[in-house]
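The values are calculated or read from the model by the stated rules, or taken from the named source; none is laboratory data. Keep in mind that what you see is a predicted model, and the values were worked out from it rather than measured. Quick reminder, even Gly has a Cβ in these numbers, built from the backbone with ideal geometry, and neighbours come from all protein chains shown.
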Amino acid sequence: MSSIKENITDLETLRNDIIVKQKKGLPFICASVAIWLLILIVIMLDLSQDKENLFVFCCSCPLLPFSWIIGKVMKIDIFDKSNPLGNVGFLFTCNQFLYLLIVMWVFSAVPDKMVMVYAMVFGAHLLPYSWLYKSLSYRIFSIVIPIISLVVGCAFSAFSVAVIMVIIEIIFALSLLLECRMSRKN
């Protein structure tokens, strides 16, 4: 029984360490603001639906470089390998690649709803990070983003979804920043 308690204590120590070192993944969430701004710009261009959706997919490509740059500014090594839970975080990200198969299907089956589904997938993939980073913000936004994306996407255009996503991502980033500051005080 003491071995289990020691393992749980070790796990909590690793989680606390990654929370501090990675600032709860803040560089990635800040970069996602830029990604959704790029998506918004693409949607505002006068492109055919297929080209628009293709470029929306392409907008995600700079996520890692943007996160790395933001991490450098914030003095966070997003590629830090000192904590094995970093691999768990990477695994959490990989589940989004599987969900993108759904987005690809929507690309051809219901092209005008692709941005909505893309936003839903983006939001839903955040849920495991609520555990990793002990974050209420991740838990809330992983639920709120898919629901708001669905409602707005069914009632309005992709433009509206992109605008809402930019706003939500800014609020999310600010919420995480506040969480990081509050955890430093404790």
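Of the residues making up region 42-64, none is in contact (Cβ under 8 Å) with a residue 40 or more places away in the chain, charged (D, E, K, R) and within 30 Å of ASN16 (Cβ to Cβ). Name the single residue that is nearest to ALA31 (Cα to Cα) among those in region 139-167 being among the hydroxyl-bearing types (Ser, Thr, Tyr) and in contact with a Gly (Cβ under 9 Å, 6 or more places away or on another chain). So the residue we want is SER142.
Within region 158-172, one or more residues are under 16 Å from TRP36 (Cβ atoms), more than 17 Å from the chain's Cα centre (by Cα) and in contact (Cβ under 8 Å) with a residue 12 or more places away in the chain.
Looking at region 77-85, can you tell me whether even one residue there is touching an Asp or Glu at 6+ places or on another chain (Cβ under 9 Å) and within 22 Å of LEU127 (Cα to Cα)? Yes, the conditions are met somewhere in region 77-85.
Against the conditions (1) loosely packed, with under 15 Cβ neighbours inside 10 Å; (2) closer than 25 Å to ILE167 by Cα; (3) not polar (S, T, N, Q), PRO111 satisfies every one except (1).
Which residues, taken from region 129-174, are polar (S, T, N, Q) and crowded, with 19+ Cβ neighbours inside 10 Å? Across region 129-174, the qualifying residues are SER135, SER137, SER142, SER149. Scanning region 38-62 for residues that are surrounded by fewer than 16 Cβ atoms within 10 Å (Cβ to Cβ) and of a type outside the set (Asp, Glu) returns ILE41, MET44, LEU45, LEU47, SER48, GLN49, LYS51, LEU54, CYS58, CYS61, PRO62. Residues in region 1-51 that are in a helix (DSSP H, G or I) and hydroxyl-bearing (Ser, Thr, Tyr) were compared, and the one that is modelled with the lowest pLDDT is SER2. Scanning region 17-49 for residues that are touching a helix residue (DSSP H, G or I) at 6+ places or on another chain (Cβ under 7 Å) and of a type in the set (S, T, N, Q) turns up SER32, GLN49. Against the test of being closer than 25 Å to ASP50 by Cα and hydroxyl-bearing (Ser, Thr, Tyr), the options SER160, SER142, SER135 yield a single qualifying residue, SER160. I need the full set of residues from region 70-91 which are modelled with pLDDT of 90 or more and assigned to a helix (DSSP H, G or I), in order please. If the condition is that a residue be modelled with pLDDT of 90 or more and assigned to a helix (DSSP H, G or I), then ILE70, GLY71, LYS72, VAL73 are the ones that fit. Residue count for region 78-103, restricted to those that are touching a residue at least 60 places away in the same chain (Cβ under 8 Å) and either within 20 Å of SER32 (Cβ to Cβ) or out of contact with any helix residue (DSSP H, G or I) (no Cβ under 9 Å at 6 or more places or on another chain) (or both): 2.
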